[in-house]
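Heads up, the thing below is written out as structure tokens.
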Amino acid sequence: MALKPNLDPFGAFLNNLRLLPPPSSSPDQPPPLLRGLTFAVKDMCLSSSSSSSSLLAASFTFRLTIFFLISFISRFSYAVSGSRFDITGCTTGFGNPDWARTHTAPTFTAPSVLAVLEAGATCVGKTVMDEMAYSINGENYHYGTPTNPCAPDRVPGGSSSGSAVAVAANLVDFSLGTDTGGSVRVPASYCGIFGFRPSHGIISTVGVTPMAQIFDTVGWFARDPITLTRVGQVLLPSSSNTTGLPTQFVVPGDCFEYLGSPSDKVSQILKNSVKKIFGSSLLNDVNLGDYIYHNVPSLLKFISGLYANQESTVPVLAALSHAMRLLQRFEFKTNHEAWLNSTKPTLGPGILERVSEALNATYEDLEICHPIRSELQVSLSNLLQDNGVLALPTIPGAPPKLNMEVDKLGNFRSKAFSLLSIAGMSGYCQISIPLGMHDGLPVSVSLLAKHNSDLFLLNLAQTLYGALKEQASIAWEDAN
């Protein structure tokens, strides 16, 4: 049983927030899928004042308000993380006190939160996040940095930092976060837990404070693949592909080279696991950089103009990352420029520089980025075919140390976004799977599948995870 957030020595929670699931309407009904589980929600997705969204959630809002009041009396608990999610009557803070001060409490609760409540889960609190969701580090200048349970001297990853820490520290059974550029996948990897970014657009982001809608997704964390899948069965549409065996595992060696010294071990753990469960015939070694270079022609301008001489990353993936971040900055500016200029909020180091860059950029190459997205989707669909899977490192190495200087993080961030942009620009679903600890630090691997193959990917992770744990244990023991 997970601990209550008031016993939180990790700094994951902004506050306790107790929301109970509604009672079962009939004793003859099967138990709700998430009954008995606790969860947390990121501080950017609880409620909204949008009239159209209010109509969507109106019928449940009245019931939720009643149970919200009852929960304070009964002292049952659940948690909500990161306050990008709206919850009725609770101001969404978006990781910044000036945002919380200048925004009113929403009048309804985000549908994604309602869905897990109606499935029987109990919310126990809202969690800390990076300011305005604009970092993958997990360090918050105003509210502090949640402690990474796996590596206390390292950052927890962001922007869904508190959501990941709450799960990793056994404070809740699962948590909701958001993933725009990597904000679920990165903290999952850093904290040694499972993290899932769904196919873009497949889960409603109504009631979630936008960062960049072209990439925004509602994702989630869990310590085990069974719980992760159960949450997916609640949140994902029934039309999501669930059937069939994988037809191939594409393992791009050029991407695993981002990891440096442990790259061979991580890719070998994956390959040995696939061989054990499905056979070696499903393994397909591909140079992903070369493949994208020849199949995404609109990317060539960025490659030749910006990254031809960059040695630390695969130039093609670095150019893909540049296109994604250009689109992300433009949408962030469109969403928040008026508030930033009128409020002039206090922003922490790193966030201030990124926000300034977004506000002051010229965006002359913006129109090139849209065909890059569509061409990448087609090319990866042709590569994977039906039920093919792409394997990648989630991140390019160990979590950075706490309080690292901003300029020293530049190379790591560039390499990280080169990997993260593949799912971001394609809209594909991605799961980060923990592989245990190596040299005292967490290691992970990711699997990607085509759009709307979310439940297929979650079920595959369940099937493969036992072999991955076994092979990782062998690899790390041999390395000592």
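The values are calculated or read from the model by the stated rules, or taken from the named source; none is laboratory data. Owing to the predicted nature of the structure, the values given are computational and were not obtained by experimental measurement. Note: ideal-geometry Cβ built from the backbone for every residue, glycine included; neighbour counts use all protein chains shown. Quick note on the areas: whole protein, heavy atoms, side chains included, nothing else; ligands and nucleic acids left out. Shrake-Rupley method; radii C 1.70, N 1.55, O 1.52, S 1.80 Å.
Quick notes on this structure:
- Note on S26 and D386: the model spin-label points, each 7 Å out from Cα along the C-beta direction, lie 3.6 nm apart.
- Modelled spin-label separation between L33 and S374, with each label point placed 7 Å from Cα along the Cα-to-Cβ direction: 3.4 nm.
- Listed by chain and number, the lysines placed with their C-alpha closer than 24 angstrom to that of K271 are K415, K450, K469; residues fewer than eight positions away on the same chain are left out.
- Sorting 220-229, 241-250 by average packing, meaning the other beta carbons within 10 Å per residue, from highest down gives 220-229, 241-250.
- Largest to smallest accessible area among L448, L347 [probe 1.4 Å]: L347, L448
- Dipole moment magnitude, nearest 20 debye, segment 347-480 about Cα centre, only Lys, Arg, Asp, Glu C-beta charged: 200 debye
- Each residue of segment 170-176 was assigned a 3J(HN,Hα) from its phi angle through the Karplus curve 6.51 cos²θ - 1.76 cosθ + 1.60 (θ = phi - 60°); the sequence is 6, 7, 9, 7, 8, 8, 9 Hz, with glycine and proline shown as x.
- Burial ranking of peptide ranges 195-204, 416-425 (average Cβ count within 10 Å, highest at the top): 416-425, 195-204
- Using 0.36 nm per residue and subtracting the Cα-Cα separation, the extra length available between T243 and S356 on full extension is 36.1 nm.
- Think of a 1.4 Å ball rolled over the protein heavy atoms: segment 151-270 then has 24 Å² of accessible area per residue.
- Farthest towards the positive end of the charge dipole of the chain, among the residues P315, C150, G181, is the Cα of C150, using unit charges on the Cβ of Lys, Arg, Asp and Glu.
- Two tests apply to each whole DSSP H helix in the chain, Cα reach of 27 Å or more along its axis and mean Kyte-Doolittle hydropathy of at least 0.5, and the ones passing both are 51-74.
- Protein heavy-atom accessible surface, 1.4 Å probe, per residue over segment 299-392: 45 Å².
- Assigned charges on the beta-carbon of Lys, Arg, Asp, Glu; segment 94-185 dipole about Cα centre (debye): 40 debye
- For the pair H142 and D285, a Förster radius of 45 Å applied to the C-beta separation gives a FRET efficiency near 0.45, rounded to the nearest 0.05.
- Linear extension gain, I277 paired with N411, 0.36 nm per residue minus alpha-carbon span: 44.6 nm
- Ellipticity estimate at 222 nm from DSSP helix runs (n ≥ 4, -39,500 (n - 2.57)) divided over the chain, nearest 500: -13500 deg cm²/dmol
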